[in-house]
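J.: My structure is below; once you've seen it, I'll send some questions.
Coordinate-derived values only; no laboratory data. In this text, all values refer to a predicted model and were calculated from it rather than measured experimentally. FYI the Cβ positions are ideal-geometry reconstructions off the backbone, even for glycines, and counts take in every protein chain you see.
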Amino acid sequence: MENDPYISNIRPPFPPPIGPNELIISLAQRENRQMRAINAWNAYLTAFRHILQVHHLTQEGSLVYRMASAAWSQEPRNRKKAYQMLADEAKAVFTQRNLELSQVSVTRQVTTEE
């Protein structure tokens, strides 16, 4: 199926079809341990998987990775920059959520100690 011209021409649309919250959720679901790096490549790979799902195309993980990698290498700089901006926005949202959760945890500790 890798040589199928329809599949080999699949690319995520521009601008990215996912938002920062979807990226965070997708990366967190794929990792049972701590969330992997939020970067442009992982944002692109997530969008690539999203497009395959939309078209009801299921592929094994390593094949998806290779297909996405080949597509990523052909993307122009402005598209890569859009995915970097998405990753940066997702990092900011993730950091803010963690900060809010740690503040809630500290508040709970203080209240229970009183």
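J.: At 0.36 nm per residue, and after removing the present C-alpha to C-alpha distance, how many nm does the segment from S62 to Q29 gain when stretched out fully?
T.: Extra length from S62 to Q29 when fully extended: 10.1 nm.
J.: Estimate the FRET efficiency between W41 and L99 by the formula 1/(1 + (r/R0)^6), using the beta-carbon distance for r and 22 Å for R0, to the nearest 0.05.
T.: Calculated value: 0.30.
J.: Add +1 for every Lys or Arg and -1 for every Asp or Glu among the other residues with Cβ under 12 Å from the Cβ of L52, and state the total.
T.: On the way: positive: R11, R49; negative: E60.
Computed value for this residue: +1.
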